[in-house]
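Working notes, beginning with the structure itself.
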Amino acid sequence: MGYDANNTYFNPNETKLSVANAAMLKEKWRFTIAGYPPGTPVIGEGKVFVMATGGSYAINLADGKKVWEKLDMPGTASMAYDNGAVYLHMYAGPNLYKLKASDGSVIWGPVQTNMNGNCDGISSPIYAGGMVFVGHSCGALEIGGDVTGARGGVEAFDAETGMRKWTYFTVPETGENGAMVWSSVSIDLESKVVFAGTGNNYSVLGENSDAIHAIDMLTGKRKWKTQVHDNDLWSLVLAPTGPDTDFGANPILATLNGKKVVANGDKGSFFHVMDRETGTMVWQRSGLSTSRNAQNGGILMNGAWDGKYFYVVANQPPGKAVLHALDPAKMGADAWPAKMLPKLTWGAPSLANGVLVVPSDDDLLILNAMTGEQLTMFKTGGTIAAGSASIVDGNVVVQSGLQYMLDNSVKPNNQVICYSLP
């Protein structure tokens with residue numbers, strides 16, 4: 001979902017697209033799919049792998065023609081690719097599959113990733129070190145108010161066999177509940193540590209919500225946990241409800257002047273940077289936007305990291321967002337003046353070769369990452385949600401279209417779009 005196991009949303013191998021030629025990008029093809037496709041298009045073997053609420057697809061990158069489809073495998077996550085295979089996490093079940101990338105045939109699956117059948121497969125899988133990892137999320141329980149068995153967590157599976165290796169729960173079996181892992185986890189392969197950001201509590205407050213959890217990759221045991229907000233009790237129907245300032249995005253793994261850190265933005269418009277070994281806060285920025293609400297405020301989706309700046313977008317309801325380039329050399333101060341975007345942002349920024357691609361509702365902005373200057377922009381016709389645009393070999397590929405029960409301003413069009421250099 002975020003290019004690599006560090007969730008940087010940065011492709012360091014791109015050489016064709018650059019700041020000098022980005023303005024030459026033109027729409028190359030559109031592919032209409034069944035249902036809406038939140039998430040990042042994953043590209044491998046010359047194919048674009050997409051998951052949508054109407055099914056899963058492989059599309060030929062060169063011409064936008066369908067390679068295969070699996071209409072019986074719908075979902076809202078992004079796939080993961082490795083060595084001729086794709087991993088997908090179905091919303092229902094929730095179930096995990098491993099498919100052949102070439103033809104979509106099943107290698108293994110379904111493997112149920114949460115024994116609570118009221119939970120879902122929103123979390124995107126990550127492949128690393130011969131294992132596949134997904135988070136626990138239970139959106140229906142949060143919205144519906146029945147919090148029975150609502151425990152966030154992370155599951156690890158053997159990538160060859162699909163056998164469950166371990167289960168980590170973010171909250172104890174009784175008492176505190178919620179603290180879901182909505183998005184992908186991040187993996188430090190050198191240190192063998194999994195990092196997960198958690199959501200809010202549902203009906204009982206505790207110390208594990210709105211936190212970064214560090215988990216031993218081999219055993220599933222907790223190494224440390226750092227909570228950033230301790231008053232976040234939220235459910236759509238239960239009262240009282242708190243501010244809903246949780247982590248909805250992936251942790252980003254980076255190295256700053258030799259120090260290994262984990263960074264993440266939250267829905268309260270904070271951006272946090274912690275020591276990866278201890279969980280100690282290195283620095284944080286607050287107030288990245290000046291207004292927020294539970295439905296769409298703050299940093300909903302991921303930031304990106306190119307080795308120099310963290311790029312984050314904080315929504316400023318009712319209808320704007322603020323783009324920041326945070327300079328870690330200056331404790332997260334803005335590297336260039338923050339840019340006010342005229343629409344809410346539902347997707348994540350991504351980067352390659354000095355080009356910053358930022359979704360802004362149904363607009364796709366192409367910017368100079370070092371200055372914030374707009375190089376060009378495109379109208380997709382649908383809200384770009386959850387993931388980012390993928391950048392490879394002079395192509396920018398994005399999924400568009402969203403339906404969301406808590407905001408009727410989003411725009412569905414159910415398409416995958418490729419913009420390319422001539």
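Can you tell me which residue among 221, 260 is in contact with a Phe, Trp or Tyr (Cβ under 9 Å, 6 or more places away or on another chain) and modelled with pLDDT of 95 or more?
One residue alone meets the criteria, 221.
Buried (at least 24 other Cβ atoms within 10 Å of the Cβ), of a type in the set (Val, Ile, Thr) and in a loop (DSSP other than H, G, I, E, B) - does that describe any residue in the stretch 193-212?
Checking the stretch 193-212: at least one residue is buried (at least 24 other Cβ atoms within 10 Å of the Cβ), of a type in the set (Val, Ile, Thr) and in a loop (DSSP other than H, G, I, E, B).
Kindly establish whether residue 108 is free of Cβ contacts under 8 Å to residues at least 40 places away in the same chain and either β-branched (Val, Ile, Thr) or not in a loop (DSSP other than H, G, I, E, B) (or both).
No; evaluated as a whole, the condition is false for this residue.
Please work out if residue 87 is touching a residue at least 60 places away in the same chain (Cβ under 8 Å) and crowded, with 24+ Cβ neighbours inside 10 Å.
For residue 87, the condition - touching a residue at least 60 places away in the same chain (Cβ under 8 Å) and crowded, with 24+ Cβ neighbours inside 10 Å - is met.
All but one of (1) in contact (Cβ under 8 Å) with a residue 40 or more places away in the chain; (2) surrounded by fewer than 23 Cβ atoms within 10 Å (Cβ to Cβ); (3) more than 30 Å from residue 66 (Cβ to Cβ); (4) over 20 Å from the mean Cα position of the chain (by Cα) hold for residue 150; which doesn't?
Residue 150 satisfies every listed condition except (2).
For the structure I just gave you, tell me whether residue 184 is among the hydroxyl-bearing types (Ser, Thr, Tyr), closer than 15 Å to residue 79 by Cβ and buried (at least 24 other Cβ atoms within 10 Å of the Cβ).
Spelling it out, residue 184 is indeed among the hydroxyl-bearing types (Ser, Thr, Tyr), closer than 15 Å to residue 79 by Cβ and buried (at least 24 other Cβ atoms within 10 Å of the Cβ).
Is at least one residue of the stretch 130-140 β-branched (Val, Ile, Thr) and at pLDDT below 95?
Checked the stretch 130-140: no residue is β-branched (Val, Ile, Thr) and at pLDDT below 95.
Across the stretch 120-146, what is the total count of residues that are assigned to a loop (DSSP other than H, G, I, E, B) and surrounded by fewer than 18 Cβ atoms within 10 Å (Cβ to Cβ)?
Counting residues in the stretch 120-146 that are assigned to a loop (DSSP other than H, G, I, E, B) and surrounded by fewer than 18 Cβ atoms within 10 Å (Cβ to Cβ) gives 4.
Looking only at the stretch 381-401, filter to residues that are assigned to a loop (DSSP other than H, G, I, E, B) and over 19 Å from the mean Cα position of the chain (by Cα); which one of those is nearest to residue 19 (Cα to Cα)?
Checking each candidate, the answer is 394.
Examine the stretch 102-119 for a residue that is surrounded by 24 or more Cβ atoms within 10 Å (Cβ to Cβ), touching a Gly at 6+ places or on another chain (Cβ under 6 Å), under 25 Å from residue 152 (Cβ atoms) and not hydrophobic (A, V, I, L, M, F, W, C), and state whether such a residue exists.
For the stretch 102-119, residues surrounded by 24 or more Cβ atoms within 10 Å (Cβ to Cβ), touching a Gly at 6+ places or on another chain (Cβ under 6 Å), under 25 Å from residue 152 (Cβ atoms) and not hydrophobic (A, V, I, L, M, F, W, C): absent.
Somewhere in the stretch 126-140, is a residue β-branched (Val, Ile, Thr), touching a helix residue (DSSP H, G or I) at 6+ places or on another chain (Cβ under 9 Å) and in contact (Cβ under 8 Å) with a residue 60 or more places away in the chain? Can you show your working first?
Within the stretch 126-140, the subset β-branched (Val, Ile, Thr) is 126, 132, 134.
Then keep just the ones that are touching a helix residue (DSSP H, G or I) at 6+ places or on another chain (Cβ under 9 Å); that gives none.
No: the stretch 126-140 contains no residue that is β-branched (Val, Ile, Thr), touching a helix residue (DSSP H, G or I) at 6+ places or on another chain (Cβ under 9 Å) and in contact (Cβ under 8 Å) with a residue 60 or more places away in the chain.
Quick test for you: out of 250, 296, 302, pick the one residue that is touching an Asp or Glu at 6+ places or on another chain (Cβ under 6 Å) and in contact (Cβ under 8 Å) with a residue 60 or more places away in the chain. Write out each step before concluding.
On the way: 250 fails: touching an Asp or Glu at 6+ places or on another chain (Cβ under 6 Å); 302 fails: touching an Asp or Glu at 6+ places or on another chain (Cβ under 6 Å).
Every option except 296 fails the conditions.
When only residues in the stretch 33-52 that are touching a residue at least 60 places away in the same chain (Cβ under 8 Å) and either of a type outside the set (A, V, I, L, M, F, W, C) or in contact with a His (Cβ under 6 Å, 6 or more places away or on another chain) (or both) count, which is farthest from residue 2 (Cα to Cα)?
Pass one, the stretch 33-52, residues touching a residue at least 60 places away in the same chain (Cβ under 8 Å): 33-43, 48, 50, 52.
Adding the requirement that they be either of a type outside the set (A, V, I, L, M, F, W, C) or in contact with a His (Cβ under 6 Å, 6 or more places away or on another chain) (or both) leaves 35-41.
On the way: 35: 22, 36: 20, 37: 16, 38: 14, 39: 10, 40: 8, 41: 10 Å.
In this case the residue turns out to be 35.
Could you look through the stretch 239-294, keep only residues that are in a loop (DSSP other than H, G, I, E, B) and β-branched (Val, Ile, Thr), and pick out the one that is farthest from residue 324 (Cα to Cα)?
241
State yes or no: is residue 242 under 17 Å from the mean Cα position of the chain (by Cα) and either free of Cβ contacts under 8 Å to residues at least 12 places away in the same chain or surrounded by 15 or more Cβ atoms within 10 Å (Cβ to Cβ) (or both)?
no
Restricting attention to the stretch 341-371, and to residues there that are out of contact with any strand residue (DSSP E or B) (no Cβ under 6 Å at 6 or more places or on another chain) and among the hydrophobic types (A, V, I, L, M, F, W, C), which single residue is nearest to residue 3 (Cα to Cα)?
Residue satisfying both the conditions and the ranking: 348.
Take the residues in the stretch 188-203 that are more than 25 Å from residue 301 (Cβ to Cβ) and in contact (Cβ under 8 Å) with a residue 40 or more places away in the chain, then tell me which one is farthest from the chain's Cα centre (by Cα). Give the steps one after another, and end with the answer.
Of all residues in the stretch 188-203, those more than 25 Å from residue 301 (Cβ to Cβ) come to 190-192, 203.
Now drop any that are not in contact (Cβ under 8 Å) with a residue 40 or more places away in the chain, which leaves 191-192, 203.
Details: 191: 22, 192: 21, 203: 26 Å.
By that ranking, first place goes to 203.
Could we say that residue 152 is over 25 Å from residue 262 (Cβ atoms) and in contact with a Gly (Cβ under 9 Å, 6 or more places away or on another chain) here?
Criteria not met by residue 152.
The values are calculated or read from the model by the stated rules, or taken from the named source; none is laboratory data. Predicted model only: the values in this text are computed from it and were never measured. Here the Cβ is made from the backbone with ideal geometry for all residues, glycine too, and neighbour counts use every protein chain on show.
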